[in-house]
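First up is the structure itself, then whatever we jot down about it.
The values are calculated or read from the model by the stated rules, or taken from the named source; none is laboratory data. Computed from a predicted model, the values in this text were never measured in an experiment. For neighbour counting, all protein chains shown are included, and Cβ atoms are generated from backbone atoms with ideal geometry for every residue, glycine included.
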Amino acid sequence: MLTVNVQNFQSIAAVKLLIKGFTVVTGQNNSGKSALIRAIRGALQNTRGTSFIRHGSKTTTVKLEMDDGHTLEWSKGTAKGAKPTYHIDGGDAIHPGQSVPDEVRDLGIVPITAGGREVWPQVAPQFTGQVFLLDQPGSVLAEAVADVERVGQLNGALRLAESDKRAASSELKVRKADIGGLEAKLDGFKGLEDVEATLVQIEQAQGKALTIERAVSGLTDLHDRHTGAKEAVGRLSGIEDVNLPGDEPFEAVRVLLGEKAGLEGLAAKHSRLDSEVTRLSGVEEVGVDIDFTQTERRLAALDVMRGMQSRYLKATKKVTDTEQELADAESALDAVTQEFTETLGGLGECPVCGSTLAHEHGGAV
């Protein structure tokens, strides 16, 4: 296996190609097939010149990565004084001039000489190149196979190919056995073609059952809330008949309050008079006789009226709070009943009896 990376070679801007075994590159005319072959041979032969460098680019690079871990990288540039450069297995730069460095030949990718000509068995260009010696006369073939080293390599390749063939045959037998076992298992599933459709129906029914279950739970909660609201309304039944007294009973309170203010002023005057009498004691006897009995009775009545006013205000607040509570309970009852009705309408059928019913406002399930 060989991985080829080409950068800026003729019409090729960038390409990466994986070659595994005998590989044929095809495509339309002027699509870069021959340029790819020239790039590979350029790296192997250290092609002279720079005309093959892509227009607008300063450097071309070809990198070959082999499956045994070896790498070959070749580059050429257009800058003044630029030299062809090789990097073998990521090592230091090699500048071989116009020749091919020995490190490249050591990788084993080299041509053979047959019939007085150089033949590249590894790479064959379209039309003009040799296709694995198939287009050569017998004398060339004989001379090529007369190379003992090459014959040894070919024999090794044949042995590897035979080994691969045996491994592939063994793998084929195993896979055929696997196919037989899988077919036998497949026969055991005959008659179950409708199972998938049945499973789909079961899943749909299960989904519907879950929807109904959630609806029933919601209806149960609504029913409990509805019952609680009705009980609250029942407890407040009759509250609308409560009559509260008007403001007339407290008119006397306001009168007494006015009288109290007058009496308090009178008491203050009495205190001042006592002080004056004491201060004038010995000059002549001054008598002040004021009857406060009526005033004390009025003050006691005023205290009673104040208590009545306090109880009246508390009763008024309690009635107001009770009326608000009643209004809130009736509103909650209406909301629960509306939600109850909308839930039944959205479900489309009664989750308890399964029948299609039009549950009216205030109805029961």
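Quick notes on this one:
Results for (1) at pLDDT 80 or above; (2) of a type in the set (Gly, Ala, Ser); (3) touching a Phe, Trp or Tyr at 6+ places or on another chain (Cβ under 6 Å); (4) outside the structural domain of GLY21 (by TED's automatic domain parsing), shown as yes or no for each residue.
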| position | (1), (2), (3), (4) |
| --- | --- |
| VAL131 | no, no, no, yes |
| GLN136 | no, no, no, yes |
| LEU158 | no, no, no, yes |
| ASP164 | yes, no, no, yes |
| VAL174 | yes, no, no, yes |
| GLY180 | yes, yes, no, yes |
| LYS185 | yes, no, no, yes |
| ASP194 | no, no, no, yes |
| LYS208 | yes, no, no, yes |
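- When restricted to residues that are in contact (Cβ under 8 Å) with a residue 12 or more places away in the chain, part of a loop (DSSP other than H, G, I, E, B) and more than 24 Å from ALA13 (Cβ to Cβ), region 71-90 contains 2.
- Cβ-Cβ distances below 9 Å connect no pair with a first residue in region 293-313 that is surrounded by fewer than 10 Cβ atoms within 10 Å (Cβ to Cβ), a second residue that is at pLDDT 75 or above and part of a helix (DSSP H, G or I), and a separation of six or more residues or different chains.
- Consider region 19-70 and keep the residues that are at pLDDT 90 or above and assigned to a strand (DSSP E or B). The one that is farthest from the chain's Cα centre (by Cα) is ILE53.
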